[in-house]
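Undergrad: Questions regarding the structure given below will be posed in turn.
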Amino acid sequence: MDDNTLQIQIPVASSSNGRVSGKSWKGQKSATVRSHLPNGVKTKSWQDRMEQAKKAQAIKRLQQELKNEKQAEITRRREITLQRKNAAEERQRLEEDKAKVRRYHPR
């Protein structure tokens, strides 16, 4: 070779036997991410998550209390209605008994 010719060295990628895939679109592989949690959950601190859980529990307790109060009111109304119905049936029965007594024992 003469002196005028430039010697250019092309760096060879480090792979087996210096060979490189011609597929430039093929991306570099990385380790599999095994966690399916969203990034927002991963980055939050433990205290933030615990505070959020406490708030959620407080809301659930409040909802349960309201639901219980509503059910108690419904039960109370049902009991009052049932008592009135029983009292009306008793009055009706007593009037029928009086009518029977009058029919058999007129004055």
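What follows is calculated from the coordinates using simple rules that are stated; it is not laboratory data. All values reported here derive from a predicted model rather than from experimental measurement. With ideal geometry, Cβ positions are generated from the backbone for all residues, glycine too; neighbour counts draw on all protein chains shown.
Undergrad: Which net charge results when you count Lys and Arg as +1 and Asp and Glu as -1 among the other residues whose beta-carbon is under 14 Å from that of Gln47?
TA: +2
Undergrad: For region 46-107, state the semi-axes of the equivalent ellipsoid (square roots of 5 times the eigenvalues of the alpha-carbon gyration tensor), sorted largest first and rounded to whole angstrom.
TA: Equivalent-ellipsoid dimensions as semi-axes: 59, 5, 4 Å.
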